[in-house]
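Asker: The structure is given below, and queries will be raised subsequently.
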Amino acid sequence: MLPVVIIGGGPVGLVSSILLSLQRIPHVLYERYPSTSIHPKACGLNQRTIEIFRHIGIEDEVLRQAAPANTHSRTSWFTSLGANGREIHSRDAWGGGKYRPLFEKASPSPYAMLPQIRLEPILQRRAMELNPNGIKYSSEVLNIREESDRVIVKVRGPDGVAYETEAQYALGADGGRMVTEWLGIPWEGEHDIFDMVYAHFKTPLSLHHPEPRSFISWFINPATGGSIKSGYLYHLGPYPQTPETEEWYFGCAMLPDDPERFDTSSMIQRILKTLDITDLDINLLSISHWMVASIVAQRFRSSLGRVFLVGDAAHRIPPWGALGVNTGVQDAFNLVWKLAFAIRSDHSDVEALLDSYDTERRPIAQRVARSSLVNLKSHAGAMDKALGLSVDQPHAANSAALDMALDPTHTAYPQTQALIAQAQAVLDSEFGAHGTEVGWFYPSADTKKEGQRTNHDGQIKPDGTFDELTYHPSTIPGHHLPHAWLRRAGKTVSTRDLIDPAKFVLFTRTARDWDWIRNSRVKVEVIDAEHGWTDRDGAWAEVCSVGERKAVLVRPDGIVAWRGEERDSTLSALLKQLGGAGDTVPSSL
């Protein structure tokens, strides 16, 4: 019987496999398709996700293939890209421009843009390098049966023959296709919000684009009432991008006069209509229809506790804010170390650790699902409204409103520009939401309620709401280990580079106070010029929030588990829980 079966080989399934391999946990992954995705899908990879890629050894390759930073530092709104097209607004986004210093201070890793069709092969190579016989393509899971001590997965292999695999645990990473329903877990949230279509195509569009720094171009066409329905566009590489090789993504909501299903000809006409470039030669590679939803599973762990939902099997998040695949990868990072500890544990009390996956991750999914839905609605509710556009107005009224909004000689122009600025402040939650991307934390891990005294060092605003726009580094338990640069023997690393996939790490500035720790699951790192790492810029002393005789204990997923002084009964209990045979904790603690 295998320890783990993974159902689904998209980004979340492949990351789960890599993490299990790094934990030396035997497992098998089943993917029904013959290889990686042929559709562009997700593109934006935030800093927490790139940190995970750094952790699993693929950051350099991801950044090598990703869009150059100067091609995704802004986002812009246009009437079209044709000869009569006009730019409505352009702004910094995704760590570019004014956001760059904040992003560089927050993490050793940048924000990156890399479409899923180029990300998945990188993940696939790494997963197969670590587990060459355990990644099974053209293998469709037919059903899953859960018993008290195992999971039985029925699979149809490439030869069409069905067989069963037994495992201690299973991860449902199938994109929400079947596993969630098989387990009888209901969804909460809004279904079928918009009927969308996207096209993946090749064309030398960069020759026509006026703003090469913009990753996403949003179109606001009075004929269709405004944005989202007019469509949006972004480049897909391969990078470095050239007119001969460049690929693009176009997405839009369905209009009443659109065909029920687009074919090649009608899709090309829809793209040309929006871009207003009639002589553009388009090589259409794929079309896909999909329904926007903002839903979260009611449980991330099955009733018998043997199956866990990760990624889109646990939450389907609108792409406005690029939080879907990021949240899924971060699910895996939270779950896999807990599974590994449970599988290896000689303790019987692992259920609380495994239950903490749902306790910690489901509130994150609920919040990003809500915020992504707000982002979607804000394009029409804020930007279109600022321009005086509405789907309820006739074409002529919308055209007149847009002409007035873009005419600097019109008396209403200053007021319209002020309204656009207000709309962009609303859209900061999509394009400048650094707190949402990297500031999320797990309140349940703060067992001593340290965060209540400081509103979690500012990540919670005085009114009790989460600060979506700003990241506030903190070592309060439940928060991410803050980034700081350390040096030793000519080598420079981030504090986050010292995270261990199989151990907790104790960060201390006084080694002599902690030499009593003899626990095979805890590693001690000293940040002291004489005994260990040098705090290169003084950043660690600033963000650690503990004195010289205190320490910070960090989980394998980079989350602070504890901080305080040596003689702390909370630490004693935690170490005893982590300890295996032969590990000791002084009786004086």
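The values are calculated or read from the model by the stated rules, or taken from the named source; none is laboratory data. The structure displayed is predicted, hence computed values, not measured ones. Reconstructed Cβ throughout: ideal geometry from the backbone, glycine too, with neighbour counts over all protein chains shown.
Residue-wise test of (1) in contact with a strand residue (DSSP E or B) (Cβ under 9 Å, 6 or more places away or on another chain); (2) modelled with pLDDT of 85 or more; (3) under 18 Å from Leu498 (Cβ atoms); (4) in the same structural domain as Asp331 (by TED's automatic domain parsing).
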position: Lys523; (1), (2), (3), (4): yes, yes, yes, no
position: His531; (1), (2), (3), (4): no, no, yes, no
position: Arg536; (1), (2), (3), (4): yes, yes, yes, no
position: Val552; (1), (2), (3), (4): yes, yes, yes, no
position: Val560; (1), (2), (3), (4): yes, yes, yes, no
position: Ser569; (1), (2), (3), (4): no, no, no, no
position: Ser572; (1), (2), (3), (4): no, no, no, no
position: Lys576; (1), (2), (3), (4): no, no, no, no
position: Leu589; (1), (2), (3), (4): no, no, no, no
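Asker: Taking Leu389 as the residue in question, decide whether it is among the hydrophobic types (A, V, I, L, M, F, W, C), over 27 Å from the mean Cα position of the chain (by Cα) and at negative phi.
Answerer: So Leu389 passes the test.
Asker: Sticking with this structure for a sec: Scan region 43-68 for residues that are of a type in the set (A, V, I, L, M, F, W, C) and part of a helix (DSSP H, G or I) and report the count.
Answerer: Adding up the residues that qualify gives 5.
Asker: Name every residue in region 94-138 that is in a loop (DSSP other than H, G, I, E, B), touching a Leu at 6+ places or on another chain (Cβ under 9 Å) and surrounded by 22 or more Cβ atoms within 10 Å (Cβ to Cβ), in order of residue number.
Answerer: Gly95, Ser109, Tyr111, Leu114, Pro115
Asker: Looking only at region 343-357, how many residues end up being farther than 26 Å from Gly44 by Cβ, part of a helix (DSSP H, G or I) and in contact (Cβ under 8 Å) with a residue 40 or more places away in the chain?
Answerer: Qualifying residue count for the region: 6.
Asker: Among the residues of region 17-40, are any in contact with a helix residue (DSSP H, G or I) (Cβ under 7 Å, 6 or more places away or on another chain), under 25 Å from Phe219 (Cβ atoms) and surrounded by 21 or more Cβ atoms within 10 Å (Cβ to Cβ)?
Answerer: Yes, region 17-40 contains a residue that is in contact with a helix residue (DSSP H, G or I) (Cβ under 7 Å, 6 or more places away or on another chain), under 25 Å from Phe219 (Cβ atoms) and surrounded by 21 or more Cβ atoms within 10 Å (Cβ to Cβ).
Asker: Right, something else. Quick one: is Asn334 in contact with a Ser or Thr (Cβ under 7 Å, 6 or more places away or on another chain), part of a helix (DSSP H, G or I) and closer than 23 Å to Thr359 by Cα?
Answerer: no
Asker: I've got another one for you. Please verify whether region 422-439 includes one or more residues that are touching a Ser or Thr at 6+ places or on another chain (Cβ under 6 Å) and either on the phi > 0 side of the Ramachandran plot or part of a loop (DSSP other than H, G, I, E, B) (or both).
Answerer: No.
Asker: What's the total number of residues in region 494-506 that are free of Cβ contacts under 8 Å to residues at least 60 places away in the same chain and under 20 Å from Arg54 (Cα atoms)?
Answerer: Qualifying residue count, region 494-506: 5.
Asker: Also: Leu419 - would you say it is in contact with a strand residue (DSSP E or B) (Cβ under 9 Å, 6 or more places away or on another chain), under 27 Å from Ser73 (Cβ atoms) and not basic (Lys, Arg)?
Answerer: no
Asker: Of the conditions (1) outside any loop (DSSP other than H, G, I, E, B); (2) touching a helix residue (DSSP H, G or I) at 6+ places or on another chain (Cβ under 7 Å), Leu81 clears all except one; give me its number.
Answerer: Only one criterion is unmet by Leu81, namely (1).
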